[in-house]
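Below: one structure, written as structure tokens.
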Amino acid sequence: MTPESSPEGTRSQRWLARLSFLIAGAAIVIRVVFAGLKSLAMLAVGLAAAAVSLAAAFLFLTQRGIRRWLPLAVFVLAPIAVIVVYAFTDLLWVAVVSAAAWLLASITARVALARDPEDWRMPEHPAEPPARHPYLIMNPKSGGGKVEKFDLKRKAEGLGAEVFLIGGPKPVDVARVAREAVAQGADLLGVAGGDGTQALVAGVAAEHSLPFLVITAGTRNHFALDLGLDRNDPSACLSALSDGVELRVDLGMINGQAFVNNASFGAYAEVVETPAYRGDKLNTTLNLLPDLLQGHRGARLSARADGAEIRSPQALLVANNPYGTGDIAGLSRRARLDRGMLGVASVKVRNARQAVALLRGRKAAGLRVLTTEKIEISADAAEIPVGVDGEAVSMSTPVTCTIRPSALRVWVPRDRPGVPAPKAPVNWARLRYLAGVRREHAEVAQ
């Protein structure tokens, strides 16, 4: 057990925990001393404004026409009104200083609760034997033309790789191209493109136990981000061929198809399915959300995972390994991709009150988060739209998602940006223990 993961923590962690309580106390003292009884009014005004803003945001997403733009105006004006109220009562500086103190206390607390790097860094293995016939599939249109911009084809061929460029007026079956390459002797497969293309070829690589190379030539490349790769310079990924290490990564499966990030159902999948989504994502999403959130569009879903039932979710996300705890929609970062578990997040919000309750994060009534090795999604329709790594597909119900632990051998450069430490959730019991407030408890959950 490392010092950081022991119940006692390190000396610096204990002092940081005490400092966080000290700063939080200072924030309270500032309000009480300089605002007196007005501090209660300040708190009430702030909470009311937060509730109004969130309710307005929900109404903006569920209404159309003028009934949509009025809530937007309220959303914008609510925090401005708070500032005006504080300013007229000569309490604005008190609010600013107190808020800054709370922010500093939160940062200090998270540093004190930071986890041991061994808990969130994937182990590295030697990338061997060296690839003698690497085969890379590149999409010249992906990411606004990054393949050409970074001269990826020439650089890859200079390292001994064979390159296939996706082109032509007809869609290309990249999985078939990858299988043909394997039949002709390819001993490493790689993709320069988006997450959807990465997943299709990754499935083939896992099927044949071949190393897989991720080149960050897509628009977002969330999978590459969670692998710690350089998204600003895709050509840096090619160094994995000459000086790389191997990460053994889990692979999500949905009705037999591989996914590297997530599969989405309900509201998000309905939006992605719309033909206009590619051309105008913002307006398409805004036009569809009112019907989706109010239950006027889309199939009625249900899901079962390890005996747990999820009934009528409006949005359901199944991720290849759980996302971080800071994002209630489950769309943040994944520090590790080798936990052997699917992360599931379901959202069911039907009114402003439930929208406001989402402020409670994972304890909100409309949000459910769990982990499982298998989940089955049913619907009152024979087929439903599914967003698989951002690509819209239709699948027959029931849809089954599973995970294949350590199925994918990903080669990454030895020298790469890496994955930042995950944001530690504030565990008050653990923080009090580190600060010495409750030393009688020898073991505290971390």
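The values are calculated or read from the model by the stated rules, or taken from the named source; none is laboratory data. Remember, predicted model here, so these are calculated numbers, not experimental data. Neighbour counts are summed over all protein chains in view; Cβ atoms, including those assigned to glycine, are modelled from backbone coordinates with ideal geometry. For accessibility, only protein heavy atoms count, side chains too; no ligands or nucleic acids. Shrake-Rupley method; radii C 1.70, N 1.55, O 1.52, S 1.80 Å.
Between Arg333 and Ala87, the modelled label-to-label distance comes to 3.7 nm, taking each label 7 Å out from Cα in the direction of the beta carbon. When the accessible area of region 55-111 is split by element with a 1.4 Å probe, what percent falls to carbon and sulfur? Heavy-atom surface of region 55-111 belonging to carbon and sulfur, 1.4 Å probe: 84 percent. Dividing the convex hull volume of the alpha-carbon atoms in region 1-131 by its residue count gives 203 Å³ per residue.
The magnitude of the dipole of region 1-85, with charges of +1 and -1 set on the Cβ of Lys/Arg and Asp/Glu and taken from the Cα centre, is near 240 debye.
For the pair region 181-259 and region 121-159, the centres of their Cα atoms are 9 angstrom apart.
Tell me the carbon and sulfur percent of the accessible area for region 189-234, rounded to whole percent, probe radius 1.4 Å. Intermediate values should be presented prior to the final figure.
On the way: 500 of 1170 Å².
Using a 1.4 Å probe with all protein chains present, region 189-234 comes out at 43 percent carbon and sulfur.
Please compute the per residue accessible area over region 2-123 with all protein chains in place, 1.4 Å probe, rounded to a whole number of Å². Let's see the in-between values first.
Working: 7120 Å² over 122 residues.
About 58 Å² of surface per residue is accessible.
May I ask you to list the GluC sites (Glu not before Pro) in region 116-153 that are in a DSSP loop and have at most 13 other Cβ atoms within 10 Å of their Cβ? Please list the in-between numbers first.
Working: sites: Glu118, Glu124, Glu148; in loops: Glu124.
Counting only loop positions with at most 13 other Cβ atoms within 10 Å, the GluC sites (Glu not before Pro) in region 116-153 are Glu124.
Count Lys and Arg as plus one, Asp and Glu as minus one, and take only other residues whose Cβ is under 13 Å from that of Phe150; the net charge is then +2. Averaging the sequence gap over all C-alpha pairs within less than 8 Å and six or more residues apart, then dividing by the number of residues, gives region 139-226 a relative contact order of 31 percent. For region 369-424, averaging the sequence separation of C-alpha pairs within contact (under 8 Å, six or more residues apart) and dividing by the residue count gives a relative contact order of 31 percent.
Which of the peptides 252-261, 48-57, 80-89 is most tightly packed, and how do the rest follow, going by the mean number of other Cβ atoms within 10 Å of each residue?
Values: 252-261: 22.3, 48-57: 17.8, 80-89: 14.2.
Packing proxy ranking, top to bottom: 252-261, 48-57, 80-89.
For the listed residue pairs Lys348/Lys423; Lys374/Lys423; Lys348/Lys374; Lys149/Lys170; Lys146/Lys170, the alpha carbons are within 32 angstrom of each other in every case.
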